[in-house]
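Each remark here refers to the structure printed beneath this line.
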Amino acid sequence: MSNKPEQLRAPIAHLVCEPCKEAIDFYCQAFGAEELQRVPSQDGNKIMHACLKLDDGFVFLMDDFPEFCEGKSQTPKALGGSPVTIHRYVDDCDKAYKQALDAGATARMEPEDTFWGDRYGVLVDPFGHSWSIAHHIRDLSDDELEKAMAEEFSGG
């Protein structure tokens with residue numbers, strides 16, 4: 001028997017978003033997420049925990065609570081960005097990318113066909129989190145991938 005809830009067995013991104021209420025609205029509008037749970041702080045001013053269903057997985061969210069982190073804010077904006085990019089495979093990269101931009105995301109890399117076989121783009125949400133969005137367009141063998149990568153980086 002496992003101590004993990006059956007539906008929560010895969011890794012889950014847990015994002016600090018300020019304000020979290022707006023982040024929930026953004027992810028629902030931009031990515032089609034479904035809000036499953038919202039746990040407010042005792043005073044009702046912040047969100048201690050929220051769970052969103054996104055594609056076939058989940059994303060956890062919370063407001064920034066510096067008072068529990070040695071007085072330090074944990075949002076990507078306060079930290080000067082994040083080295084983490086959350087990746088989504090979708091049916092139509094261009095459509096999903098535009099939907100996120102229309103909801104308030106900022107373009108970082110417009111969708112393009114890549115040497116590794118995906119149509120791929122990158123954006124930043126209004127809370128500072130980076131997202132890549134892709135759909136697969138072709139399979140490559142290891143040899144084909146190596147050749148495509150060499151061509152990509154040699155300028156040829």
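Values in this text are rule-based calculations from the coordinates and carry no lab data. None of the values given here were measured: they were computed from a predicted structure. Cβ: placed from backbone, ideal geometry, glycine included. Neighbour counts: every protein chain shown.
Among the trypsin sites (Lys or Arg not before Pro) within region 76-147, those in coil by DSSP and having at most 16 neighbouring Cβ atoms inside 10 Å are 138.
The charge dipole of the chain, taken about its Cα centre with unit charges on the Cβ atoms of Lys, Arg (+1), Asp and Glu (-1) only, comes to about 580 debye.
A simple count of charges around residue 24, restricted to other residues whose Cβ falls under 11 Å of its Cβ and scoring Lys, Arg +1 and Asp, Glu -1, yields -3. Taking only the Cα atoms of region 6-154, the radius of gyration and Dmax are 17.4, 58 Å. Note on the chain: with a GNM built from Cα contacts shorter than 10 Å, the maximum mean-square fluctuation among 74, 29, 42 falls on 42.
In the structure shown, the pairs 77/98; 21/72; 53/147 are assessed against 29 Å; a Cα-Cα span above that value is assigned to 53/147.
Think of each Lys and Arg Cβ as +1 and each Asp and Glu Cβ as -1; about the Cα centre, that makes the dipole of region 53-103 roughly 120 debye.
Dipole orientation for region 6-154: of the candidates 93, 145, 129, 129 has the Cα lying most toward the positive pole (charges on Cβ; Lys, Arg +1; Asp, Glu -1).
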